[in-house]
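The following block contains the structure, expressed as structure tokens.
The values are calculated or read from the model by the stated rules, or taken from the named source; none is laboratory data. In this text the structure is predicted, and so the values were computed from the model without any measurement. Neighbour counts run over all protein chains shown; Cβ positions are idealised from the backbone, glycine included. Ligands, DNA and RNA are excluded from the accessible area calculation, which covers all protein heavy atoms including side chains. Shrake-Rupley method; radii C 1.70, N 1.55, O 1.52, S 1.80 Å.
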Amino acid sequence: MGSLCLFRFISFLFESKSSDFWAQPIFVFSLFFVNHLQETRLTETSEVNIAPFSSYLLVMEEGGAYEILKKKFSELPPPTSPSPSSSSSSSSSSSSSSSSSSLDPPSYSSSSPDPFIFKVPHQLCQVNERVRKVNKTAFEQQIISIGPYHRGDKYRTMQICKARYLSNLLERERCANQGANSVDRILSGFIADSQCMEKSARECYEGDLDMKPAEFVAMMVLDGFFVVELLRKFRVYKDQENDDLFKQNLNLTIIAQDLLLLENQLPFFVLDQFYRKIRPYGQPLHDIAIDFFKKMVPELKFPDYNGGREAIKHLLGLVHDSCLPSPQRSDISQKDVVIRDLTFIRSATELSEVGIRFKKRKGNSFFDIKFERGQLLIPTLIVDHDTERIFRNLIAYEQLNRSSIVMDYARLMDCLINYADDVALLSNRGIIDNRLGTREEVANMFNKLNNYVHFSGANFYYSKLFHDVNECYKGLLNRWKVKLRQTYFYTPWDWVLTSIVTASILLVLTFLQTLYSVLSYYRK
């Protein structure tokens, strides 16, 4: 009873508005001290063991919680089965969570899957570090690291934030169980579940990870529950009031962008399993994630996601698949036209000169581009300082997963935009919402977006559209329109009419003068 009161008091201090420098050490100290009280019960005259407090010195390196999780992992027995079902049973026996044990665990393959979380330089068609040189910051985290690829003191501030999220989650779970389970037992249950998923999750990453099982499980728990808690708080508004991340919308937006980096991913089945452990709020995790990115990343448009939970690889893959137009809404099909020699279309200015018009199209996906009756209907695209970063990671994801719709869209925009005049034309039509800066900057961004990216015209998504636009451009009628416009339409109509009237008068006077001369000759 005394240890429980002590923990509640120190938890109160931790959740207060005191600085992180004092709050985090107090939390770590309290966890070790309460655990020590529970093991020794302080009723025996045995000597107090001070070894667990050695992690106190590591508090400011990775929030201290990372070392706690590794220690808890070492205290657990090895898992009897790598399947999620054993994870659920071990969790119910260790933590006896009321709702988590009643949920069916998510289905995923426990056999050796092909890796689907890659590091950018190793797989992009032999371009290696040249991809990074195009834009050094496109694939680098700004404030938070998720997963095993990027660790270190650079992200220490957010590691402390992750530890705070985990501690709040543990206390909320303890209160939900009316104190039936201690924080220590709940944390042990979380680690036991992660231990059962450790092998399958490790196989999702490319290459051999230089991380021991304890380190990998600690990373899964700390990073995974942070992402799940972040999405849960996005849905539960009352939990946002005392959260600094939601008070500072800029940091929350940066975190959302960091969660969409190719190298900054956790397998989605890990996140889904954690979400189901903390009492889901009546909505699947992927739906909450899509709503979160809709608000935080306005550059993207999301139609309704129709895929299953098992098909989701990670958050970046979820966003990519959610942006795709559904087959029912897609107006473009490369199967209708056999393209032997794909020819790129002209720039927006050149197409406009032959009479092809541009019009903004309303739609849920910016890939829904249509060409009909001499009009290119294109949804609005917001272009700001983060657009290139988002597109480059989506393109890198496609290069590794045999998909190409984002690459094909970038290729189409690269064809339409060569110079600042093209950007001006599309901006005036409402197709580009320029929040980046000058028109030249927008043009340069699109011109460099496909650098060092492998292009295959065989499965080009806009092949039929390119074919139709090129046929329209080559038409004789449009050629005549060009000559007519170049000859007359660039001259003001009042000057044209004046010239016609003047020429007509001179012609009549010349004719009369000639006629008078002829009549005078015959009279003589």
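Looking only at residues in the stretch 506-521 that are of a type in the set (Ser, Thr, Tyr) and open to solvent by 100 Å² or more (accessible area, probe 1.4 Å), which one is modelled with the highest pLDDT?
Tyr516
Any residue in the stretch 229-239 that is touching a residue at least 24 places away in the same chain (Cβ under 8 Å) and open to solvent by 30 Å² or more (accessible area, probe 1.4 Å)?
Within the stretch 229-239, one or more residues are touching a residue at least 24 places away in the same chain (Cβ under 8 Å) and open to solvent by 30 Å² or more (accessible area, probe 1.4 Å).
Quick one: count up the residues across the stretch 175-193 that are in a helix (DSSP H, G or I), polar (S, T, N, Q) and without any contact (Cβ under 8 Å) to a residue 12 or more places away in the chain.
Qualifying residue count for the region: 0.
Also: Only one residue in Arg164, Arg172 is more than 13 Å from Asp223 (Cα to Cα), open to solvent by 10 Å² or more (accessible area, probe 1.4 Å) and part of a helix (DSSP H, G or I). Which one?
Arg172
Another one. Kindly check whether there is at least one residue in the stretch 373-386 that is in a loop (DSSP other than H, G, I, E, B), open to solvent by less than 10 Å² (accessible area, probe 1.4 Å), modelled with pLDDT of 90 or more and not aromatic (Phe, Trp, Tyr).
There is no residue in the stretch 373-386 that is in a loop (DSSP other than H, G, I, E, B), open to solvent by less than 10 Å² (accessible area, probe 1.4 Å), modelled with pLDDT of 90 or more and not aromatic (Phe, Trp, Tyr).
Still on this model: Is it true that Asp414 is under 27 Å from Asn264 (Cβ atoms), free of Cβ contacts under 8 Å to residues at least 40 places away in the same chain and either within 22 Å of the chain's Cα centre (by Cα) or in a helix (DSSP H, G or I) (or both)?
When the stated conditions are applied, Asp414 passes them.
Now for a separate question. For the stretch 246-296, which residues satisfy the criterion of being more than 26 Å from Ala138 (Cα to Cα) and either in a loop (DSSP other than H, G, I, E, B) or touching a strand residue (DSSP E or B) at 6+ places or on another chain (Cβ under 8 Å) (or both)?
Once the filter is applied, which keeps residues that are more than 26 Å from Ala138 (Cα to Cα) and either in a loop (DSSP other than H, G, I, E, B) or touching a strand residue (DSSP E or B) at 6+ places or on another chain (Cβ under 8 Å) (or both), the stretch 246-296 yields Ile278, Arg279, Pro280, Tyr281, Gly282, Gln283, Pro284.
Ok, one more. Condition test on Lys277, is it touching a helix residue (DSSP H, G or I) at 6+ places or on another chain (Cβ under 9 Å), open to solvent by 30 Å² or more (accessible area, probe 1.4 Å) and of a type in the set (D, E, K, R)?
Answer is no for this residue.
Then there is this: May I ask you to list the residues in the stretch 141-161 that are among the polar types (S, T, N, Q) and either buried (at least 16 other Cβ atoms within 10 Å of the Cβ) or assigned to a loop (DSSP other than H, G, I, E, B) (or both)?
If the condition is that a residue be among the polar types (S, T, N, Q) and either buried (at least 16 other Cβ atoms within 10 Å of the Cβ) or assigned to a loop (DSSP other than H, G, I, E, B) (or both), then Gln141, Gln142, Ser145, Gln159 are the ones that fit.
Any idea which of Leu394, Leu436 is open to solvent by less than 20 Å² (accessible area, probe 1.4 Å), touching a residue at least 24 places away in the same chain (Cβ under 8 Å) and touching a helix residue (DSSP H, G or I) at 6+ places or on another chain (Cβ under 6 Å)?
None of the others qualify; the one that does is Leu394.
Take the stretch 442-479 and flag every residue that is in contact with a strand residue (DSSP E or B) (Cβ under 9 Å, 6 or more places away or on another chain) and closer than 19 Å to Asp421 by Cα.
Those that are in contact with a strand residue (DSSP E or B) (Cβ under 9 Å, 6 or more places away or on another chain) and closer than 19 Å to Asp421 by Cα: Val442, Met445, Phe446.
Next up: So which residues in the stretch 318-357 are open to solvent by 30 Å² or more (accessible area, probe 1.4 Å), modelled with pLDDT of 85 or more and hydrophobic (A, V, I, L, M, F, W, C), if there are any at all?
The one that is open to solvent by 30 Å² or more (accessible area, probe 1.4 Å), modelled with pLDDT of 85 or more and hydrophobic (A, V, I, L, M, F, W, C): Phe344.
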